[in-house]
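What follows is a set of notes on a single structure, which appears directly below.
The values are calculated or read from the model by the stated rules, or taken from the named source; none is laboratory data. Just so you know, these numbers come straight off a predicted model, no measurement behind them. A quick note on method: Cβ atoms are made from the backbone with ideal geometry, for glycine too, and the neighbour counts reach across all protein chains shown. To get the accessible areas, we keep the full protein, side chains included, count just its heavy atoms, and leave off ligands, DNA and RNA. Shrake-Rupley method; radii C 1.70, N 1.55, O 1.52, S 1.80 Å.
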Amino acid sequence: MKRLLSMLLVFVLALAVLSPTALADSGLRQYSDSELRQLYEAVRKEMKSRGLKLQQDITLREGKYIVGDDIMPGTYTLKCAETSGDTYGGLYSSLGDLYGGSDSPLGGLMGSLGGMMSDIINTEVEIIGDYGTVLKSYELKAGESVQITLSENTALKISEGTCVLSAE
């Protein structure tokens with residue numbers, strides 16, 4: 001009797017765990033593509049009205065990101081986290097500190113060069129369309145941000161730095 005009761009309990013538990021997933025999968029299959037898109041847009045709109053984020057922030061390093069594959073289409077805030085100029089500036093400043101201990105004039109030169117790097121090298125952001133056409137381009141320093149809209153059949157290219165992409 002105990003064995004039968006425990007088997008029945010395991011069966012009911014398994015059914016309870018699996019049925020919401022099975023219902024969700026089979027429930028969505030009944031919608032046509034256009035109905036599914038309308039449902040998706042309604043959910044997005046409701047999430048925005050409640051102040052819920054549609055997706056997590058994404059850190060983008062140097063490279064090209066395809067909209068629709070790597071990034072969802074939409075409106076975003078793109079904030080520059082770090083430029084290559086900041087990285088190089090830190091390296092040159094460290095060399096300046098190293099040479100600064102000696103009587104070499106290189107210490108001051110390297111330190112000055114390190115201070116200039118963040119002004120010289122900025123992060124470049126390009127929105128690229130068909131055939132590599134640059135639709136929009138931005139140059140950002142660390143901490144600066146820009147609002148962008150990404151659509152299908154475009155790409156986002158980041159050069160000379162790292163950015164954080166936040167959904168609007």
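Tell me which lysines have Cα within less than 17 Å of K136's Cα, excluding those fewer than 8 residues away on the same chain?
In chain and number order, the partners are K64, K79, K157.
So how do Y76, Y65, Y131, Y40 rank on accessible area, 1.4 Å probe, biggest first, that is with the largest at the start? Could you put the intermediate results ahead of the total?
Details: Y76 5, Y65 45, Y131 225, Y40 100 Å².
The ranking, largest first, comes out as Y131, Y40, Y65, Y76.
Run the simple label-point estimate for S151 and M72 please: 7 Å along Cα→C-beta, distance reported in nm.
Going from the S151 label point to the M72 one covers 1.9 nm.
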